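What follows is a short report on a single structure.
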Amino acid sequence: MKRRAFLLASGALLLRGSAIAAPVPASAGSPFAEVTPIGEDAKRCIAFIQFTCPHCRDLHALLARWGRSLPKGIGFEFVPVVTPDRGLVLAARAWYAVALAAPSRLDAFAERAYALVQDGHMSPDAGATWEQAARDVGLGGFSQSWSQVKVDRIQRAMEKLAGYRVQSTPSLAIAGRYVVTLDDTQGDSELFLRLASGLLSKAIASRSSSTS
């Protein structure tokens with residue numbers, strides 16, 4: 001699909017879904033938010049990121065390590081924030097193109113993409129930015145996988161953003177039930193991950209008790 005056609009199609013889906021994205025504040029005094037359970041994510045944690053976000057850049061490697069340390073049976077993935085903004089749509093498309101071409105290179109691609117956007121001041125709105133990031137990490141097949149990313153993959157990312165009521169990045173969605181952001185811990189990354197781990201333990205315990 002040509003780039004403009006892809007953007008028009010994904011933009012229509014994003015606008016259609018925006019009505020369900022009204023913010024739901026956390027309970028007073030709570031350092032996290034609870035959402036209507038999303039069953040398909042009961043055994044998954046999701047990190048929402050933006051390549052223009054300095055805090056996402058600072059924490060990306062730490063979040064990746066945290067994701068690899070999760071209990072057996074619990075998955076982890078990064079999901080780029082998607083809105084009707086062209087740059088965010090292209091960033092998400094690039095991310096999923098890398099996931100198709102060489103998933104083991106996602107961390108290296110992310111590191112380079114953050115650098116190009118934040119240090120090199122390359123525009124997220126330009127396809128050349130993401131092509132450069134792919135070239136810089138020696139990623140072959142990027143152009144082909146770029147053309148293979150389907151609009152519904154972007155729609156899924158948008159639906160996750162809306163379902164979890166994500167208002168800032170980085171945010172972690174835990175086991176389809178809880179959301180914690182770096183803002184919730186006043187920028188304390190250690191507390192951010194401790195809280196996320198505690199919420200995951202709580203979700204696992206709750207699921208175990210309901211099935212026993």
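Numbers below:
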{"read-out": "For Arg44, residues with placed amide H under 5 Å, excluding near neighbours", "value": "Gly75, Ala175, Gly176"}
{"read-out": "In nm, spacing of pseudo-spin labels at Ser30 and Glu111 (7 Å Cα→C-beta vector)", "value": "3.8"}
{"read-out": "³J(HN,Hα) computed for each position of region 195-203 - Karplus, 6.51 cos²θ - 1.76 cosθ + 1.60, integer Hz, glycine/proline x", "value": "5, 4, 5, x, 5, 5, 4, 4, 5"}
{"read-out": "Sequence-distant residues sharing a close amide H with Ser171 (under 5 Å, placed H)", "value": "Phe48"}
{"read-out": "Additional length obtainable on full extension of the chain from Arg156 to Leu70, 0.36 nm per residue less Cα span", "value": "28.6 nm"}
{"read-out": "Rounded to the nearest 20 debye, dipole of region 49-205 from Cβ charges on Lys, Arg, Asp, Glu", "value": "580"}
{"read-out": "Residues Lys160, Lys150 arranged by fewest to most Cβ contacts within 10 Å", "value": "Lys150, Lys160"}
{"read-out": "In order through region 116-132: 3J(HN,Hα) via Karplus (6.51 cos²θ - 1.76 cosθ + 1.60), integer Hz, x for Gly, Pro", "value": "5, 6, 8, 9, x, 6, 7, 7, x, 6, 9, x, 4, 4, 6, 5, 5"}
{"read-out": "Difference of contour (0.36 nm per residue) and Cα-Cα distance, Arg207 to Arg44", "value": "57.4 nm"}
{"read-out": "Exposure proxy order (Cβ contacts within 10 Å, fewest to most) of Phe48, Phe76", "value": "Phe76, Phe48"}
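Any read-out appearing in this document is the output of simple, stated calculations on the displayed coordinates, not a laboratory observation. Nothing here was measured: the structure is a model prediction, and the numbers come from that model. We place every Cβ from the backbone using ideal geometry, glycine too, and count neighbours over all the protein chains shown.
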